[in-house]
Amino acid sequence: MTLPMPVDEHANRVAKARSLMAKANVDALIVTDPVTYGYFTGNRVPAWMKARPSIFILPASGEPALITWSGPQMFARLYNKPFPSWVQDKVIYPDVPFTREPRTDWGIHGVLADRGLTKGRLAIEMGRNTWLGIPLNDFTLLREQAPQAEFVDSSEIVWGCRMIKSEWEVACLEHVCVIGQKAWYAVLEEVQVGMTPREVQQRILQRYLEFGADIDSGPPMAMGANGPSGTFQKGDILYLDGGPAFQGYQMDITRRAVFGTPSERQRHEHEEMWDIMFEVIDRMKPGVSMTELFEFSSKRMAQVKGWRDYADHPAKRIGHGIGLESEPPSMSAVDETLLAEGMVLTPEPKLESVDGLVNPEEQVAVTATGCRLLSDDTGGRLIVIE
């Protein structure tokens, strides 16, 4: 299955960013984080490409620009492919390192100067949940090149765009759950006592690709083996967390499977925790805060005697946003973000058990009146491997 991106998707993202920029009185948005760069430009940059920064510059009006290394242009030319971005104004640097100087001028100042923005209010990654994709020394050089500019944090603009998903993004986040769960359930039919977590991961990775996941999808977390040489034995619980990517959009859910007949304690912990998670989901609707969901989960967990709640500190979260990566907001006592239609989150209250972590987790989209599951909840059952 393919889900072609709508032709107006990037234009809508730019329009939304510019609306947020106007509210913040920002003259230009400078994006150096590789994930956000891909979000705006369509040119997805591998995580290992940190030494070759790619930069997107969006002025409040006029043509945006991107700055990147010569590779994408070279591959497009040699293999008769279009350049992997809709952005027309491109500044191409040769490769790295292309200077012996201790600091590198990536061309940001030149783009700003061409647009008369060197004295403007410029938003760049400086705050929480953002990542500056150029070395600090190089950012210092940029500030010296534009001494009259005011540099401010871009977090509210970036996450104001990325936290609220379009219909196409929600469709991708639902389809990746179809791929991931299909792969997991197929492999769980094959898993046997004596296998290692790595063997489980290898089989899942193979199924990801068979079912249409992105080629760079990583393996899920697979834990719980207590047998000789790290193998699974009767009574162990296989814990799976994470998922593949599709069009860059991630699945992040958990599933648990017990080898053999589960004990009464194992069944009780699992079923009770899934009940708590669905009670949290039932409260998810526009206008509800992250702190409200955290507080409800904490009170609900406290009702069960003898349980150790992972979230015993206000900054420990019991869920988070999901999209191109694990994203804001965070279901914690310190995040007062309000739920809004178009957000996609993964609620996951956590119990610390003798079997490891019991944290039910589903992928949920916020609607106008509540929310809906993007993942298949399997009825909250504890999967049994005979």
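Checking the conditions here, which among 111, 91, 87 is assigned to a helix (DSSP H, G or I) and either in the same structural domain as residue 45 (by TED's automatic domain parsing) or buried (at least 16 other Cβ atoms within 10 Å of the Cβ) (or both)?
Being assigned to a helix (DSSP H, G or I) and either in the same structural domain as residue 45 (by TED's automatic domain parsing) or buried (at least 16 other Cβ atoms within 10 Å of the Cβ) (or both) holds for just one of 111, 91, 87, which is 111.
So, in segment 254-300, how many residues would count as being of a type outside the set (S, T, N, Q) and either touching a Gly at 6+ places or on another chain (Cβ under 6 Å) or part of a loop (DSSP other than H, G, I, E, B) (or both)?
The qualifying residues number 9.
From the residues in segment 114-138 that are among the charged types (D, E, K, R) and under 16 Å from residue 53 (Cβ atoms), which one is surrounded by the fewest Cβ atoms within 10 Å (Cβ to Cβ)?
Result: 138.
Does residue 141 satisfy the criteria of being touching a residue at least 60 places away in the same chain (Cβ under 8 Å), surrounded by 16 or more Cβ atoms within 10 Å (Cβ to Cβ) and not assigned by TED's automatic domain parsing to the domain that holds residue 328?
For residue 141, the condition - touching a residue at least 60 places away in the same chain (Cβ under 8 Å), surrounded by 16 or more Cβ atoms within 10 Å (Cβ to Cβ) and not assigned by TED's automatic domain parsing to the domain that holds residue 328 - is not met.
In segment 283-308, what residues are over 12 Å from residue 358 (Cα atoms), surrounded by fewer than 21 Cβ atoms within 10 Å (Cβ to Cβ), in contact (Cβ under 8 Å) with a residue 24 or more places away in the chain and not small (Gly, Ala, Ser)?
285, 286, 288, 291, 295, 300, 304 - these are the residues of segment 283-308 that are over 12 Å from residue 358 (Cα atoms), surrounded by fewer than 21 Cβ atoms within 10 Å (Cβ to Cβ), in contact (Cβ under 8 Å) with a residue 24 or more places away in the chain and not small (Gly, Ala, Ser).
Residue-wise test of (1) crowded, with 18+ Cβ neighbours inside 10 Å; (2) more than 18 Å from residue 68 (Cβ to Cβ); (3) under 22 Å from the mean Cα position of the chain (by Cα).
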| position | (1), (2), (3) |
| --- | --- |
| 5 | no, yes, yes |
| 8 | no, yes, no |
| 25 | no, yes, no |
| 30 | yes, no, yes |
| 34 | yes, no, yes |
| 43 | yes, no, yes |
| 47 | no, no, yes |
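Step by step: first the residues of segment 48-74, then only those that are in a loop (DSSP other than H, G, I, E, B) and among the aliphatic types (A, V, I, L, M), then the one that is modelled with the highest pLDDT. Which residue is that? Before the answer, list the steps.
To start, the set of residues in segment 48-74 that are in a loop (DSSP other than H, G, I, E, B) comprises 48-54, 60-64, 70.
Among the residues that remain, those that are also among the aliphatic types (A, V, I, L, M) are: 49, 51, 60.
Details: 49: 86, 51: 89, 60: 98.
Ranking the qualifying residues of segment 48-74, first place goes to 60.
So how many residues does segment 216-237 have that are at pLDDT 95 or above, on the phi < 0 side of the Ramachandran plot and surrounded by fewer than 22 Cβ atoms within 10 Å (Cβ to Cβ)?
The number of residues fulfilling the criteria is 6.
Restricting to segment 318-328, name every residue that is under 12 Å from the mean Cα position of the chain (by Cα) and among the aliphatic types (A, V, I, L, M).
Answer for segment 318-328, where residues must be under 12 Å from the mean Cα position of the chain (by Cα) and among the aliphatic types (A, V, I, L, M): 322, 324.
For segment 64-93, which residues satisfy the criterion of being among the basic types (Lys, Arg) and over 25 Å from residue 113 (Cα atoms)?
77, 81
Per-residue answers, yes or no, for (1) in contact (Cβ under 8 Å) with a residue 24 or more places away in the chain; (2) over 21 Å from residue 324 (Cα atoms); (3) polar (S, T, N, Q):
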site	(1), (2), (3)
168	yes, no, no
185	no, yes, no
202	no, yes, yes
214	yes, no, no
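Out of 167, 189, 156, report the one residue that is closer than 23 Å to residue 133 by Cβ and either basic (Lys, Arg) or more than 15 Å from the chain's Cα centre (by Cα) (or both).
156
Every residue, every condition in (1) within 18 Å of the chain's Cα centre (by Cα); (2) modelled with pLDDT under 95; (3) over 27 Å from residue 239 (Cα atoms), yes or no:
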site: 330; (1), (2), (3): yes, no, no
site: 348; (1), (2), (3): yes, no, no
site: 362; (1), (2), (3): yes, no, no
site: 366; (1), (2), (3): yes, no, no
site: 371; (1), (2), (3): no, no, no
site: 374; (1), (2), (3): yes, no, no
site: 380; (1), (2), (3): no, yes, no
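Only one of (1) touching a Phe, Trp or Tyr at 6+ places or on another chain (Cβ under 6 Å); (2) of a type outside the set (Gly, Ala, Ser); (3) modelled with pLDDT under 95 is not met by residue 259, so which one is it?
(3)
Every residue in segment 86-118 that is touching a residue at least 40 places away in the same chain (Cβ under 8 Å) and touching an Asp or Glu at 6+ places or on another chain (Cβ under 6 Å), please.
Matches in segment 86-118: 117 only.
Just name the residue that is surrounded by the fewest Cβ atoms within 10 Å (Cβ to Cβ) out of those in segment 158-209 that are within 30 Å of residue 229 (Cα to Cα) and among the polar types (S, T, N, Q).
Initial filter on segment 158-209 (within 30 Å of residue 229 (Cα to Cα)): 180-209.
Now drop any that are not among the polar types (S, T, N, Q), which leaves 181, 192, 196, 201-202, 206.
Numbers: 181: 19, 192: 11, 196: 15, 201: 18, 202: 14, 206: 13.
So, considering only residues that are within 30 Å of residue 229 (Cα to Cα) and among the polar types (S, T, N, Q), the one surrounded by the fewest Cβ atoms within 10 Å (Cβ to Cβ) is 192.
Need the failing condition index for residue 80 against (1) modelled with pLDDT of 95 or more; (2) surrounded by 17 or more Cβ atoms within 10 Å (Cβ to Cβ), just the number.
The number of the failed condition is (2).
The values are calculated or read from the model by the stated rules, or taken from the named source; none is laboratory data. Bear in mind that the values here come from a model prediction, so they are computed numbers and not experimental data. Note that we place each Cβ from the backbone using ideal geometry, even for glycine, and neighbour counts take in every protein chain shown.
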